[in-house]
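Engineer: I'd like to ask you about the structure that follows.
The values are calculated or read from the model by the stated rules, or taken from the named source; none is laboratory data. Just so it is clear, the structure is predicted and the values come from calculations on it, not from any experiment. All Cβ positions, glycine included, derive from the backbone under ideal geometry; neighbour counts span all protein chains shown. The protein model used for the area step is the full one, side chains on, heavy atoms only, and it has no ligands, DNA or RNA in it. Shrake-Rupley method; radii C 1.70, N 1.55, O 1.52, S 1.80 Å.
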Amino acid sequence: MFSLLRQAFRQLRKSPGFAATAMLTLTLGIGASTAIFAVLDAVLLDPLPFAQADRLVAVAPQPEPYASIPTMQDYLSRSTSFAGLAAYRQWSPAQKTTDATPARRILSVSQGFFSTLGTRFSLGTSWPMTGNEQDCASQAMVSGGYWKRLGGGASLGNRVLNLDGRNYQITGVLPLEQAIEGQYGLNQPEVFVQIGCDGRAKPNARGDWDFQLIGRLRPGVTIGQANADLARVDRTLQKDYPNDYGAYGKPTLVFPYLELLVGTETKPALLMMLGACGLLLLIACTNLANLLLARNLRRRGEFATRATLGATLGQLLKQLMVESAVFVTLGTAGGIALALLVLEGLKAATAFHLPRLAHASMRPTVLAFTIAVSAAVTFFLTLLPAWRILRPGLLQDIHAAASSGRSLRLAGRLLVVAQLTLTVVLVACAGWMIAGVYLLLHQPLGFSPDRLLMIQVRLNSAGSANVDAKASELKLEQIAQSLYQLPGVLSVALTDHPPLGHAINRYTFCSDSHPEQCKQQVNINPNSYAVSPGYFATIGQSLVDGRDFNPADDGRNHVAIVNQALAAREWPGQSALGHRLLTDEIYTGKGETWSTVVGVVGNVHNYDLVSAPGPDVYIPRAENPGHFATIILQVNGDPASLKNAARAKLKAQFREAVPSFETMGEEMASEVSERVFLMQVAMAFGLVALFLSILGTYGLLAYEVSLREKEIGIRLALGSSRERIIRLLLGEEGRWLLVGVMLGLFCAAVTGYALRARFYGVHSTSVLVLFGSALLLLAPALLAIALPARRAAFQDPAQTLRRE
């Protein structure tokens, strides 16, 4: 074995250029694959840090994954699948702290939340289980990380949090290793309180569909059985409470809780990235196989001599295997180092958030994956070239070193075709990612996002008993008018939820054209928004018909404005003005109140960039005053430049205001951050694949031309023109290039169709992306053919024939 290793290292020293190219190529391919698998292993494969985490499931009513507390209780009592079921939602109370350590995220949870989740406490214990979700024990549980920020300690002492003007005793601390890492409100919550402590929650209201559910399956119950069980319960609830469940035709969905924590898009995105890494590694291996095939062609004389001296086919194959294993091992070591650098870069990146990414490391499962990939690469790079070189018939001819062999040239060309095919697929996928991000950011949104600064303001006095919602609303209006005085502010408006706010505000709704829908919270209900006068002009939303709200709309005349989608649905073919719609007590606080439509506005993307605009209804903020609002400023210039001035004014004049600042451009960038990250990864893979393919094509063609120097010299000596020689070589090799590109376009089209749900706008950009991908590859590939062809055509035929 040591002699084989010495021989392998000797061969690498004889070909330093090949050795460097091989190790660099493998470092890129194996490093990228290892890094992405390490992320996938940490995010999707590493179990959650809770007891029997495989039994945890998310329980999501359809079409929106929210439920009421009575619904949760019915699911638990009427089904046989769950050992526990709990509800939670994000809560944003005003916080009073003396040590500048406000909690970043707070959840209001049902009493059985921690027992269902399977957590333990490093200090203290959970609150008392009374069975009544309206109870509030004025106790708070905190995460281990937040406890550490508060100063930590081995005993709870008398630690108190003040939330919405109410003191909460800290009675339990979760361990650091049991942090809840996920999305939105589940993104590492730091404080937990009972639902009954949240004054805005309605634990006994069956129509308060504002909570997400987590369940723990009983032993032996599968997710499929739980889905069937809840479908039965849904049918009974629809029968018992037709006004609340009658219009919901889809059954509640049960799926692994881990999928909710990491997001529904994360798993396919990571699998796509791992697939892209696999394609890149396959391209790299194909490139190296081509180089090895060309390199081994020069060694055919050596192999024939060894065979003549008694070496068997197995011994020669063993020698090639050891040689491949040496540079694959060196490339794997470089790949692991590269993967570690990539992981550190991903963890330090702030442009996107990937749950559980902090756990990514070179764990044993990742190392096993890397070793398996390296072994597969070693066999591939040994057996494919050896199959074409170490055939018994070739070993009998010691003069074979000077022969090109038509079948060997065919094998090299087929490898080039495979390489080009895979490259077109990768380049096209990168093109679809780029086109998707561009279309998302440049689509018509229904409003003007360029000069908007959004300031979310919550008042510290929100929880005080002597401050009602109307007084808070008046204070918010004063804050808005004060901000309007800042230089460069053109207009100002208030809303409960801004555009692209990811808000679902569907309440009981009906119109005078469909009065039978009254008191039914159906999935076709519009989203409702409370806005101030001037809101539509501030964000640039067009007023199509009627009028805007004005100061006279004080909550007593009951008016509303609808968007075009709602107007077309409720009153098709006629003007919506003068028609009436019903908003219930959940929204207006005034019982059944019929509002008159006074205006129609254009459709906007109120939820996110991907979802199409739906039916919306707007009412004056005077109809539903509150303790918080998003103040939107339209500015003359860069809205980000106004943040410091707005922050200083609020700090100086309105110390009770708790603001957060974000421009609409920043919100849009956040919307596409994950897509931008995937786009950048796809671009990197595409560029590397393009480089490897062109390099492989050039290397093979340069080698083939060197083998045909005698033929080319004879053609030139017999009077063939140099231009004809170039056309001959371009024609012969260009056919294979065209075959690879056409096959790649077909495979890319199939891939785009299969992944159409992951590529935004794939239908409208398919032809452009496919054409661009082909052109991007054809141009340099033709140059890779033309350069060695031109060099061969301009050689001196006399010198070539003299050498022969």
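Engineer: If I model a spin label at Thr264 and Phe691 as a point 7 Å from the Cα along the Cα→Cβ vector, what separation in nanometres do I get?
Structural biologist: 3.8
Engineer: Please return the longest stretch of the chain lacking exposed loop sites, where trypsin sites (Lys or Arg not before Pro) count only if DSSP places them in a loop and at most 10 other Cβ atoms lie within 10 Å. Kindly include the intermediate steps, with their values, before the conclusion.
Structural biologist: Numbers: sites that count: Arg556, Arg655.
Segment 1-555 is the longest.
Engineer: Further question: Relative contact order for region 86-139 using alpha-carbon pairs under 8 Å, separation at least 6, rounded to a whole percent?
Structural biologist: Numbers: 41 pairs, mean separation 18.0, N = 54.
In percent, rounded to a whole number, it is 33.
Engineer: Moving to a separate point now. In degrees from 0 to 90, rounded to the nearest 10, what is the angle of the helix 673-707 Cα long axis to the longest principal axis of the chain?
Structural biologist: 10
Engineer: So what's the net charge close to His605: Lys and Arg +1, Asp and Glu -1, counting the other residues with Cβ under 14 Å from its Cβ? Mind showing how you got there, number by number?
Structural biologist: Details: positive: none; negative: Asp608, Asp616, Glu667, Glu671.
That sum, taken over residues with Cβ under 14 Å, equals -4.
Engineer: Next question, about the same structure. To the nearest Å, what is the center-to-center distance of region 159-192 and region 207-266, using C-alpha atoms only?
Structural biologist: 26
Engineer: May I ask you to give the solvent-accessible area per residue for the chain, in square angstrom, as obtained with a 1.4 angstrom probe? The partial results should precede the final answer.
Structural biologist: On the way: 34980 Å² over 804 residues.
With all protein chains present, the chain gives 44 Å² per residue.
Engineer: Now for a different question. Can you give the FRET efficiency to the nearest 0.05 for Lys347 and Arg218, using r as the Cβ-Cβ distance and R₀ = 35 Å? Can you show the working numbers first?
Structural biologist: Details: r = 38 Å, r/R0 = 1.08.
So, using R0 = 35 Å, E works out to roughly 0.40.
Engineer: How many angstrom separate the Cα center of region 91-146 from the Cα center of region 319-336?
Structural biologist: 54
Engineer: Same structure, new question: Relative to the present Cα-Cα distance, how much length would full extension add between Leu718 and Leu340 at 0.36 nm per residue of separation?
Structural biologist: On the way: separation 378, 0.36 × 378 = 136.08 nm, distance 5.93 nm.
Roughly 130.1 nm would be gained on extension.
Engineer: Here is a follow-up. Can you tell me the 0 to 90 degree angle between the C-alpha axis of helix 722-754 and the longest principal axis of the chain, rounded to 10?
Structural biologist: The angle comes out at about 30 degrees.
Engineer: So what is the relative contact order for the chain, in percent, with contacts set as C-alpha pairs under 8 Å and at least six apart? All intermediate terms of the calculation are to be shown ahead of the outcome.
Structural biologist: On the way: 1419 pairs, mean separation 129.8, N = 804.
This gives 16 percent for the chain.
Engineer: Measuring from a point 7 Å past the Cα of Glu177 along Cα-to-C-beta, which residues in region 121-152 have an amide N at less than 15 Å?
Structural biologist: 121-123, 144-145
Engineer: Tally Lys and Arg at +1 and Asp and Glu at -1 over the other residues with C-beta under 14 Å from the C-beta of Ser110: what net charge comes out? Please report the intermediate quantities before stating the final value.
Structural biologist: Values: positive: Arg89, Lys202, Arg216; negative: Asp74, Glu133, Asp135, Asp198, Asp208, Asp210.
Computed value for this residue: -3.
Engineer: So, one more: Taking a ≥ b ≥ c as the square roots of the Cα gyration tensor eigenvalues, with a/c under 1.5 meaning rounded and otherwise prolate when a/b beats b/c, else oblate, which class fits region 627-667?
Structural biologist: Note, shape of region 627-667 comes out oblate.
Engineer: Would you mind computing, in nm to one decimal, how far apart the modelled labels at His359 and Gln680 are, each placed 7 Å from Cα along Cα→Cβ?
Structural biologist: Those two pseudo-labels are separated by 2.5 nm.
Engineer: If you don't mind, another one. Run the accessible area of the chain with a 1.4 Å probe and give the carbon-and-sulfur part as a rounded percent. If you can, show how the numbers build up before the last one.
Structural biologist: Values: 20670 of 34980 Å².
Of the solvent-accessible surface of the chain, carbon and sulfur hold 59 percent.
Engineer: Further question: To the nearest whole percent, what portion of all C-alpha pairs in region 86-210 is separated by more than 19 angstrom?
Structural biologist: Details: 3328 of 7750 pairs.
Summing the P(r) tail past 19 Å for region 86-210 gives 43 percent.
Engineer: If you build the convex hull over the alpha carbons only and average its shadow over all orientations, what do you get for region 618-730? Give it in nm² to one decimal.
Structural biologist: Values: hull surface 61.3 nm².
For region 618-730, averaging the hull's shadow over all directions gives 15.3 nm².
Engineer: If you fit an axis through the alpha-carbon atoms of helix 69-78 and take the longest principal axis of the Cα set of the chain, what angle between them do you get, 0 to 90°, nearest 10?
Structural biologist: 70
Engineer: For region 60-128, just say rounded, prolate or oblate: build the C-alpha gyration tensor, square-root its eigenvalues into a ≥ b ≥ c, call rounded for a/c under 1.5, and beyond that prolate if a/b exceeds b/c, oblate if not.
Structural biologist: Working: a/c = 3.09, a/b = 1.61, b/c = 1.92.
Note, shape of region 60-128 comes out oblate.
Engineer: With the contact rule set at Cα under 8 Å and sequence spacing of 6 or more, what percent relative contact order holds for region 20-131?
Structural biologist: On the way: 66 pairs, mean separation 24.3, N = 112.
That works out to 22 percent.
Engineer: Further, regarding this structure: Starting from the Cα of Arg232, step 7 Å along the direction of its Cβ; do the same at Thr329; then give the gap between the two resulting points in nm.
Structural biologist: About 6.1 nm, to one decimal.
Engineer: Let me ask you something else. Considering the convex hull of the alpha carbon atoms of region 565-671, report its projected area averaged over all viewing directions, in nm², one decimal. Each step should come with its number before you reach the end.
Structural biologist: On the way: hull surface 38.1 nm².
Taking the Cα atoms of region 565-671, their convex hull projects to 9.5 nm² on average.
Engineer: Return the calculated 222 nm mean residue ellipticity for the chain, to the nearest 500 deg cm²/dmol, obtained by summing -39500 (n - 2.57) across DSSP H runs with n ≥ 4 and dividing by the residue count. Let's see the in-between values first.
Structural biologist: Working: 25 runs with 399 residues, N = 804.
It comes out at -16500 deg cm²/dmol, rounded to the nearest 500.
Engineer: In what order, largest first, do His353, His627 sit by accessible area if the probe radius is 1.4 Å? Working shown, then result.
Structural biologist: Values: His353 95, His627 35 Å².
From most accessible down to least: His353, His627.
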